Amino acid sequence: MMVIEIEKTNEEKILRDIVKMLLFLDAGQAELAAVVCPRNYVHKGGVWRVFETAGQVLRSFVHVTGLPPSKATRLALIGCTQEVFMNGNWTVWNGLE
């Protein structure tokens, strides 16, 4: 079984999402876990790099806690690029159109 969390917009919740996925693994309720984050979440203040932040948070968490590789490698971060269909074509969404 795999558990998946989609963190679309809230960078502040990434650490909570990572801990939640690790709790599923630790409880034996999942064999694998993934957190899906956008590479380019468009917001009124610009484009947030949520996936990049998630990678930094996960690396820091593993370093600080000494999380064993047997657990750390069972948690994946998946980045997605937000696109829009405009004028008959898919294009990366940057909020400028």
Count of the stretch 65-97 residues which are surrounded by 13 or more Cβ atoms within 10 Å (Cβ to Cβ), over 17 Å from residue 6 (Cβ atoms) and among the hydrophobic types (A, V, I, L, M, F, W, C): 3
When (1) loosely packed, with under 13 Cβ neighbours inside 10 Å; (2) over 28 Å from residue 92 (Cβ atoms); (3) not hydroxyl-bearing (Ser, Thr, Tyr) are applied to residue 46, the one that fails is (2)
All but one of (1) in a loop (DSSP other than H, G, I, E, B); (2) over 18 Å from the mean Cα position of the chain (by Cα); (3) not hydrophobic (A, V, I, L, M, F, W, C) hold for residue 9; which doesn't? (2)
List pairs: first residue in the stretch 29-50 and without any contact (Cβ under 8 Å) to a residue 24 or more places away in the chain, second residue surrounded by 11 or more Cβ atoms within 10 Å (Cβ to Cβ) and of a type outside the set (S, T, N, Q) anywhere in the structure, Cβ distance under 7 angstrom, at least six positions apart or on different chains. 49/39
I want to confirm something. Restricting to the stretch 52-64 and keeping residues that are in contact with a Leu (Cβ under 7 Å, 6 or more places away or on another chain) and under 14 Å from residue 36 (Cβ atoms), which single residue is surrounded by the most Cβ atoms within 10 Å (Cβ to Cβ)? 54
Inter-residue pairs, beta-carbon under 6 Å, first within 17 Å of residue 47 (Cβ to Cβ) and touching a residue at least 40 places away in the same chain (Cβ under 8 Å) and in the stretch 6-24, second in a loop (DSSP other than H, G, I, E, B) and of a type in the set (Lys, Arg), 6+ apart: none
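Just for the stretch 18-31: of the residues that are surrounded by 14 or more Cβ atoms within 10 Å (Cβ to Cβ) and out of contact with any helix residue (DSSP H, G or I) (no Cβ under 8 Å at 6 or more places or on another chain), which one is farthest from residue 91 (Cα to Cα)?
24
Every number in this text was worked out from the coordinates using simple rules, so none of it is lab data. Because the structure is predicted, anything quoted here is derived from the model rather than measured. Here Cβ is always computed from backbone atoms with ideal geometry, including for glycine, and neighbour counts include all displayed protein chains.
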